[in-house]
Amino acid sequence: MKKNLKMVIILFLLILLYCSICAFSYAQNISSDICDSVFRLHVIANSDSTEDQNLKYIVRDNLLNYMNSICTECKTKEEAISIVEKNKSEFERIAAQTIKDQGYSYNVKIDIGNFKFPTKNYGDISLPAGNYDALKIEVGEAKGQNWWCVMFPPLCFVDISSGIVPDESKETIKNSLSDEEFALVSDKSSPEIQFKFKLLEFFNHFDLTTAKK
């Protein structure tokens, strides 16, 4: 009897280990593909004061307007990043001038790199937590609340209140992801998809799936 119980426990542990490895492998592959398909924007305010938060949004709007003017024809994430890199000094100039025009003397730091992001919803598109390539803007001491969006595909102008992402942006995302991956970020009705998304969040919470580049 004890021998049989021991075998059952061993078998259970082996099955549990196998399922864990499969779940980890699935989450790692899916997370990497999703993170590799988007280029994000991250703006950090000087502080959480009302004035600094308002300034953050003004800086954001001016940068997005510029981004929209130079990246309207971008077809890939790599193309968007290349354009931003070539125009990095102009992004910095616009942010600095905006801060000055609003009557502040904060410094601004701009960096293009790979950064950790939490799970975020953009209308009816949800992106799991992970390490994403992004343009990061730090205003002043950068101790205030963050603002995130997706520069490519262009989701920064999504009306969150409507809960709808433009079909053109969805099509760009869909073309860069597998059917399974696109379902994970866009389908909120399927219990199976919801479970898989939670699985991604679980592994990403412990930084197990997407290592920084």
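The values are calculated or read from the model by the stated rules, or taken from the named source; none is laboratory data. Keep in mind it's a predicted model, so treat the numbers as computed, not measured. Positions of Cβ are backbone-derived with ideal geometry, glycine not excepted, and every protein chain shown enters the neighbour counts.
Figures for the structure shown
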quantity	calculated
From Lys174, Lys170, Lys136, residue being modelled with pLDDT of 75 or more, among the basic types (Lys, Arg) and closer than 24 Å to Ile44 by Cβ	Lys136
Tally, over region 116-144, of residues that are farther than 22 Å from Lys88 by Cβ and not in a strand (DSSP E or B)	8
Pairs where the first residue, in region 1-20, is surrounded by 10 or more Cβ atoms within 10 Å (Cβ to Cβ) and modelled with pLDDT of 70 or more and the second is of a type in the set (A, V, I, L, M, F, W, C) and not in a helix (DSSP H, G or I), C-beta under 8 Å, 6+ apart	none
Residue check for Ile94: closer than 13 Å to Phe152 by Cβ, of a type in the set (Val, Ile, Thr) and not in a loop (DSSP other than H, G, I, E, B)	no
Candidates Lys77, Lys86 - the one that is modelled with pLDDT under 90, within 20 Å of Asp133 (Cα to Cα) and under 23 Å from the mean Cα position of the chain (by Cα)	Lys77
Pick from region 55-87, criterion among the charged types (D, E, K, R) and over 20 Å from Asn146 (Cβ atoms), ranking: surrounded by the fewest Cβ atoms within 10 Å (Cβ to Cβ)	Glu73
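Rundown of residues vs (1) out of contact with any Phe, Trp or Tyr (no Cβ under 6 Å at 6 or more places or on another chain); (2) in contact (Cβ under 8 Å) with a residue 12 or more places away in the chain, yes/no style:
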{"position": "Thr98", "(1), (2)": "yes, yes"}
{"position": "Gln102", "(1), (2)": "yes, yes"}
{"position": "Ser105", "(1), (2)": "yes, no"}
{"position": "Ile112", "(1), (2)": "yes, yes"}
{"position": "Thr119", "(1), (2)": "yes, yes"}
{"position": "Ser126", "(1), (2)": "yes, yes"}
{"position": "Tyr132", "(1), (2)": "no, yes"}
{"position": "Pro154", "(1), (2)": "yes, yes"}
